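For reference, the structure is listed below as C-alpha cells.
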Amino acid sequence: MLIIRKISFLKNSKILIFFFIFIFCNFTKIFAIDIRTIYSKEYHNALVLKDQFENQLKERGITDTNFYMALVFPEMIRFNIIKNELETIINKIAYTTIDDYSGCSIGPFQIKPSCALDIERYVKQNETLNCKYPLLANIPDNDSFTEKFKRINRLQQNKFQIEYLLAFVDICTIKYDLEDLSVKEQLKVSSAAYNIGFLDNRDLYYV
C-alpha cells in the first residue's frame, strides 16, 4: 500500500510540475493578451499618442520611428491625463522645494524631472550632443527653484518630450556602445536604462 501511495504521489507531482511549467512558458502570451483586453482603453489611447509622436519624429527627420516608439510605448499606456495633472502639481510643490526629491514621472513618455536634468547635463558635457541638441544644451546648469519649475513646464510640452527622448537614445548609444549590437539588444539595454537611469552603474546587459 505504501509503495502504491508513493507511485500515486509521484504521478500527481509530475502533473503539477508539468502544469506550472506550461503556465510559466505561456505567461508572456497570456499577459500580452491581457494588455489589449483588460487595459483596452489605455492601449487604444497609447496607439493614438504613438501616431501623433511618430508624425512629430518624422518632422524631425527620423524616418524609422519604431525603435523610439517601442522604447516609450509602455509609458504611453501608463499615461493618464488626470493623473498627469496631479503629478505635475506634486512636482511643482515637492520637486521645486525638496532638494533630494527626484519628482514624479510626467508627460506621455513619463520622464522624471531628475532624469531630464541628467540628460541636460550629459548633453552639455558631450561636444557632439551639445551641437545636436541646442534646446537642451542652452539650459542653465543649476538646480534652483526657478530652473526646476521651468523643467517641469518643459516636460509638459510634447516638443521637449521628444527632445529628451532623442537625446536619451543618443546618450545610451554612446555610453553603452550600442551600435555593434542587434536592435533587440539595443532596445533591451535602452529600456533598462530608461527605467533605472542611465547613470546607474549596474551592467544593463544583464538587468
* Structure fact -> The set of residues whose placed amide H lies less than 5 Å from the amide H of Ile106, leaving out same-chain residues fewer than 5 positions away, is Ile111, Lys112
* Asked: Given +1 on the Cβ of Lys and Arg, -1 on the Cβ of Asp and Glu, and no further charges, what dipole in debye does segment 130-205 carry about its Cα centre, rounded to the nearest 20?
  -> 380
* Asked: In whole Å, what are the Cα extents of segment 124-207 along the three principal axes, biggest one first?
  -> 40, 24, 24
* Principal axis dimensions, largest first and in whole angstrom, of segment 43-183 by Cα -> 42, 40, 25
* Asked: Given a 1.4 Å probe and every protein chain left where it sits, what share in percent of the accessible area of segment 84-207 is carbon and sulfur?
  -> 52
* **Cross-link partners of Lys124 among aspartates and glutamates (Cα-Cα below 17 Å; sequence separation of 8 or more within a chain)** => Asp141, Asp143, Glu147, Glu163, Asp170
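The values are calculated or read from the model by the stated rules, or taken from the named source; none is laboratory data. Quick caveat: nothing in here was measured; it's all calculated off a predicted structure. Cβ coordinates were reconstructed from backbone atoms using ideal geometry, including for glycine residues, and neighbour counts include every protein chain displayed. Accessible surface areas use protein heavy atoms only, side chains included; no ligands, DNA or RNA. Shrake-Rupley method; radii C 1.70, N 1.55, O 1.52, S 1.80 Å.
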